[in-house]
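Reviewing the structure listed below.
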């Protein structure tokens, strides 16, 4: 009997931990960028981030509904998550995923404003969802399901003279040389 009680407590504790682990993993997705994690863009250019999202549920939980995202960063670049909403989430506002479902889609467009200083700019995108298909009517909250770290490298700008500017400069130098020659002859 002395051995039975500690064994029973240990067995029940392990069972509780396993059940807790299953509950914690009931709503899980994996989001992986499909294009390079470090994109380069010059001022005025727009680049796109694509990701593959997988419902990694191994415990047979109910359907998972993706309902939105949140972006956070320093706000220097123009980060637009419209592609995630319009390419993925239908008019109902819910995108249903079941265990093993996979999709690849454009997630974010990033535009580098003119005059942006050279450097590396990072933004975080959190994909949000729930197992409650009636989330908009019953006041339930969404869970943060996956995190994507998006990095754009803005190289230093190099000023390249336009051909017309070069022509103007050369013709000015030729004119000055002609004036100097005329002065020296006189």
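Could you look through segment 137-154, keep only residues that are part of a loop (DSSP other than H, G, I, E, B) and surrounded by 11 or more Cβ atoms within 10 Å (Cβ to Cβ), and pick out the one that is modelled with the lowest pLDDT? Here the answer is 140. Would you check if residue 104 is closer than 21 Å to residue 56 by Cα, exposed (fewer than 15 other Cβ atoms within 10 Å of the Cβ), modelled with pLDDT under 90 and in contact with a strand residue (DSSP E or B) (Cβ under 6 Å, 6 or more places away or on another chain)? Judged against the criteria, residue 104 is a match. Scan segment 46-63 residue by residue and report those that are without any contact (Cβ under 8 Å) to a residue 60 or more places away in the chain and more than 12 Å from the chain's Cα centre (by Cα). Within segment 46-63, 54, 55, 56, 57, 58, 59, 60 qualify. Residues to consider are 94, 88; find the one that is in contact with a helix residue (DSSP H, G or I) (Cβ under 8 Å, 6 or more places away or on another chain), surrounded by 12 or more Cβ atoms within 10 Å (Cβ to Cβ) and modelled with pLDDT under 85. Going through 94, 88 in turn, just one is in contact with a helix residue (DSSP H, G or I) (Cβ under 8 Å, 6 or more places away or on another chain), surrounded by 12 or more Cβ atoms within 10 Å (Cβ to Cβ) and modelled with pLDDT under 85: 94. Evaluate the following for residue 65: is it on the phi < 0 side of the Ramachandran plot, assigned to a strand (DSSP E or B), at pLDDT below 90 and buried (at least 20 other Cβ atoms within 10 Å of the Cβ)? Here the answer is yes, as residue 65 does meet what is asked. For segment 14-28, check the following and say yes or no: at least one residue is surrounded by 14 or more Cβ atoms within 10 Å (Cβ to Cβ), part of a strand (DSSP E or B) and at pLDDT below 90. Within segment 14-28, not a single residue is surrounded by 14 or more Cβ atoms within 10 Å (Cβ to Cβ), part of a strand (DSSP E or B) and at pLDDT below 90.
Given the criteria at pLDDT 90 or above and either in a strand (DSSP E or B) or within 22 Å of residue 61 (Cβ to Cβ) (or both), does residue 114 qualify? The answer is no for residue 114.
The values are calculated or read from the model by the stated rules, or taken from the named source; none is laboratory data. Since this is a predicted model, take the numbers as computed values, not measurements. Neighbour counts are summed over all protein chains in view; Cβ atoms, including those assigned to glycine, are modelled from backbone coordinates with ideal geometry.
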